Amino acid sequence: MKHIHMPKILKIDFDKPIPFKQQFAIMCTVLIISCMLFTVVYFQQLLSGNIATAGEPERAESKPAVQAAAEESSVSAPSQTSREDESKPGSAESHVTDIKEVGSDVLGNMTSVSKTYDDIHQGKLILVNKDYSCRLDGENVKSIFEAKSDSYVVTDRNVSLDMSIIENLNSMLDDFYSIYGESDIMVACGYRSYDTQVGLFNEEVESVGAQEAEQWVAPPGYSEHQTGYVFDLNLNIRGSAGIDYSGEGNYSWINENCPDYGFIIRYPSGKEEITGYSQEPWHFRYVGIPHSQYISDNGITLEEYFDIISEHKSNNPVLIEDHSGCRWCVYYVEAVEYGETNIPVPENYEYEISGDNYSGFIVTVKLG
């Protein structure tokens, strides 16, 4: 074995002063070794994904508030938690909504507004299922493509939703993207007209038979998609047929947190006898806060929620505190079938009136 000899210029005689030429050579050698070590460490970090390359989108300057808050909490917290838990804008685990009965005095001074019987078929809380048909058909819908953010895609320019909820959809999928960086979410469909539903239902009947078809596709006129308040999610996978979105893995964040944006999973597992449909983790319905949070937190369906609310009139409304601590009063007013219904509403609070699509109105008051 050959011995490795150190260059003469690097040999140091500590009993004599070190010449300048030798000092310079030693400094250069140390600098070269330092550069080599830095290069090795840099490429290790680059391969591990801890360093952003020039081709990656820069997101640091435009982090949503939910991500910034999550990162701040991860620094101060001594124990390590998952990114999902840190980044939830309103975790149902930390605040489960509950209903409390209150007196009418909480609403303060009251006045009234008039609605016709036909108005029970309008609003964000209308119940559409196999028993109650949808009277809406394309009112107030807009192409999602024209108003969507860059965090997701749509199947085509014709995919539409009620204009009032597109912002909520954007916020939810923007927050999901900021946490996971997943950009393959696709809104597969939104509003479907009565005529479109006729074609879909007939195709399903021909494929699997009428009884099986009704487990997956609503009969024409009885589809929630006709309301404009519903969308289905899918994954943008080339060559894929059918629905690939299961609400699992990273995507479970969307299903767990959608109530904080006003959405619910309309057809959950174990509720088939109530909803009339098999589980559909890709089917999202807008009902608004606080209704979405209460329904989700308590594991009930929209049908079951209406059974609760219909028992509470304006003289004994229910109080719901949402995940952010905001308080809401909710109560039911039965509609007059012939003539107009005078609906009691507070003078000093914001409120919204929605028909239930079968017998009356639900008033939602934001107390703050």
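The values are calculated or read from the model by the stated rules, or taken from the named source; none is laboratory data. Note that the coordinates shown come from a computational prediction; the quantities given were computed from them, not determined experimentally. Note that each Cβ is placed from the backbone with ideal geometry, even for glycine, and that neighbours are counted across all protein chains shown.
Within region 258-281, take every residue that is surrounded by fewer than 16 Cβ atoms within 10 Å (Cβ to Cβ) and of a type in the set (Gly, Ala, Ser) and give me the one that is modelled with the lowest pLDDT.
Filtering region 258-281 for residues that are surrounded by fewer than 16 Cβ atoms within 10 Å (Cβ to Cβ) and of a type in the set (Gly, Ala, Ser), the one modelled with the lowest pLDDT comes out as 278.
In region 341-350, which residues are surrounded by 17 or more Cβ atoms within 10 Å (Cβ to Cβ) and either of a type in the set (Ser, Thr, Tyr) or at positive phi (or both)?
341
Looking at region 220-244, which of its residues are assigned to a loop (DSSP other than H, G, I, E, B), in contact (Cβ under 8 Å) with a residue 40 or more places away in the chain and under 19 Å from residue 204 (Cβ atoms)?
Within region 220-244, 221, 222, 223, 243 qualify.
Using the structure shown, decide if residue 230 is modelled with pLDDT under 95 and either not assigned by TED's automatic domain parsing to the domain that holds residue 155 or not acidic (Asp, Glu) (or both).
Criteria not met by residue 230.
From the list 183, 240, which one is under 16 Å from the mean Cα position of the chain (by Cα), farther than 25 Å from residue 287 by Cα and of a type in the set (S, T, N, Q)?
The conditions single out 183.
Let me confirm something: among 284, 306, which residue is surrounded by fewer than 22 Cβ atoms within 10 Å (Cβ to Cβ), touching a residue at least 40 places away in the same chain (Cβ under 8 Å) and within 23 Å of residue 219 (Cα to Cα)?
306
Do the conditions hold for residue 343, that is, is it out of contact with any Lys or Arg (no Cβ under 9 Å at 6 or more places or on another chain), among the β-branched types (Val, Ile, Thr) and modelled with pLDDT of 95 or more?
No.
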